[in-house]
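Contents: one structure, followed by commentary.
Derivation of every value follows stated rules applied to the coordinates shown; laboratory data play no part. Predicted model only: the values in this text are computed from it and were never measured. Every residue, glycine as well, gets a Cβ built from its backbone with ideal geometry; the counts of neighbours run over all protein chains shown.
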Amino acid sequence: MLIRKLFKFEGAHIVRNCSSHRCRENIHGHSYIVEVFITSDKLDRGYMVMDFVLLNKVKELVDSFDHTYSLWQEESDELKSFIYKYNRRVAEIPVSPSAEGYALLFFYLIDKILRNTEYKNGEGNVQLSSVRVHETATGYAEAFQEDLKLVNFNVHDICFSEAIREEWKDKQWWEEIRN
Ligand SMILES: [Zn+2]
């Protein structure tokens, strides 16, 4: 059975090397919608795949990108210095922040969160099926497990600035998935 939970964030970026001059040469933003699809072979005692309350860490992850500049690690030192000087909320990431990049990054991290979640209500084999990231009202990118071969992520290459980390309600979640 499949369930879906929707999250939102307002994010800023530049998408280098894309075809559109507007996207690759200007800092700009989008109202993102992130859909998380989860499957299971069994229902828990509440007749649910899993209670959405168990997705609090996923909410924390997506919210970390809200009013945040997503800074690709391959950017120049000059741009990095500028971004860190004039922004408090910065997520430094190992992938260019295209909708595809976000979908892959979120899949990678949400999969880790679900694997670290303690299921205590008779849940079955809870699996992340896909993550869909809508950058505009008309387009989205969707990442599945096999798509992670397109990238080479290491959780230690992802860095949230102090201003993001200090707003986390649960300060432990990030350390838990980095171990
Ligand atoms: Zn854009």
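Residue by residue through region 39-63, note down the ones that are in a helix (DSSP H, G or I) and within 18 Å of Leu109 (Cβ to Cβ).
Phe52, Leu54, Leu55, Asn56, Lys57, Val58, Lys59, Glu60, Leu61, Val62, Asp63
Report yes if some residue within region 57-68 is touching a Ser or Thr at 6+ places or on another chain (Cβ under 9 Å), closer than 21 Å to Glu135 by Cα, within 16 Å of the ligand (Cβ to nearest atom) and free of Cβ contacts under 8 Å to residues at least 24 places away in the same chain; otherwise report no.
No, the conditions are met nowhere in region 57-68.
Do we have Val131 as surrounded by fewer than 21 Cβ atoms within 10 Å (Cβ to Cβ) and among the hydrophobic types (A, V, I, L, M, F, W, C) here?
Values: surrounded by fewer than 21 Cβ atoms within 10 Å (Cβ to Cβ): no; among the hydrophobic types (A, V, I, L, M, F, W, C): yes.
Taking the combined requirement at face value, the residue does not satisfy it.
Looking at region 80-103 only, could you name the residues that are surrounded by 13 or more Cβ atoms within 10 Å (Cβ to Cβ) and either under 24 Å from Leu43 (Cα atoms) or away from the ligand (no atom under 16 Å from the Cβ) (or both)?
If the condition is that a residue be surrounded by 13 or more Cβ atoms within 10 Å (Cβ to Cβ) and either under 24 Å from Leu43 (Cα atoms) or away from the ligand (no atom under 16 Å from the Cβ) (or both), then Lys80, Phe82, Tyr84, Asn87, Arg88, Arg89, Val90, Glu92, Pro94 are the ones that fit.
For region 143-164, what are the residues that are crowded, with 18+ Cβ neighbours inside 10 Å, touching a strand residue (DSSP E or B) at 6+ places or on another chain (Cβ under 6 Å) and not small (Gly, Ala, Ser)?
Selection gives Ile158, Phe160.
Filter region 5-55 down to the residues that are loosely packed, with under 12 Cβ neighbours inside 10 Å, away from the ligand (no atom under 16 Å from the Cβ) and either without any contact (Cβ under 8 Å) to a residue 60 or more places away in the chain or under 23 Å from Tyr140 (Cα atoms) (or both) and list them by number.
Of everything in region 5-55, those that are loosely packed, with under 12 Cβ neighbours inside 10 Å, away from the ligand (no atom under 16 Å from the Cβ) and either without any contact (Cβ under 8 Å) to a residue 60 or more places away in the chain or under 23 Å from Tyr140 (Cα atoms) (or both) turn out to be Leu6, Tyr47, Val53.
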